[in-house]
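K.L.:
If you scroll down you'll find the structure; I have some questions about it.
The values are calculated or read from the model by the stated rules, or taken from the named source; none is laboratory data. Just so you know, these numbers come straight off a predicted model, no measurement behind them. Don't worry about glycine lacking a Cβ; one is built from the backbone with ideal geometry, like all the others, and counts go over all protein chains shown. For the accessible areas, the whole protein counts, side chains as well, though only heavy atoms, and no ligand, DNA or RNA atoms are used. Shrake-Rupley method; radii C 1.70, N 1.55, O 1.52, S 1.80 Å.
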Amino acid sequence: MTQRITIGLQASRPLALRLRDAQLESLNAARGGEAWQGLEAEDGSVRLNLAHVLWVRTESDEHRVGFGIASSG
């Protein structure tokens with residue numbers, strides 16, 4: 001299965017990727033280190049310096065319809 005993630009980096013804009021579960025698990029296991037991590041995303045390869053990774057957000061793949069929550073009343 002593929003998941004959408006966003007990686008926050010020091011002194012750079014967040015990086016959005018689609019990763020397979022195994023790649024995401026590998027990234028999460030390596031976080032906090034100071035090595036380089038290679039990732040195979042759907043649209044290409046990425047190498048990250050783990051010392052510069054501030055956060056990783058995993059987005060749910062829920063299907064959403066519309067533009068927001070409808071207000072009642």
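K.L.:
Within region 1-25, how many residues turn out to be open to solvent by less than 50 Å² (accessible area, probe 1.4 Å) and small (G, A, S)?
P.N.:
1
K.L.:
Considering region 40-57 alone, what residues qualify as being among the polar types (S, T, N, Q) and either over 13 Å from L27 (Cα atoms) or open to solvent by 70 Å² or more (accessible area, probe 1.4 Å) (or both)?
P.N.:
S45
K.L.:
Suppose we filter region 37-56 for residues that are closer than 16 Å to A16 by Cβ, touching a residue at least 12 places away in the same chain (Cβ under 8 Å) and either assigned to a strand (DSSP E or B) or of a type in the set (V, I, T) (or both); how many remain?
P.N.:
The number of residues fulfilling the criteria is 9.
K.L.:
Just give me the residues in region 1-48 being within 15 Å of E59 (Cβ to Cβ) and among the acidic types (D, E), in sequence order.
P.N.:
D21, E42
K.L.:
Of all the residues that make up region 44-73, how many are within 14 Å of T6 (Cα to Cα) and modelled with pLDDT under 90?
P.N.:
Here the count works out to 3.
K.L.:
Being over 16 Å from A51 (Cβ atoms) and in a loop (DSSP other than H, G, I, E, B) is the filter; apply it to region 5-36 and report the residue that is farthest from the chain's Cα centre (by Cα).
P.N.:
Among those that are over 16 Å from A51 (Cβ atoms) and in a loop (DSSP other than H, G, I, E, B), it is R13.
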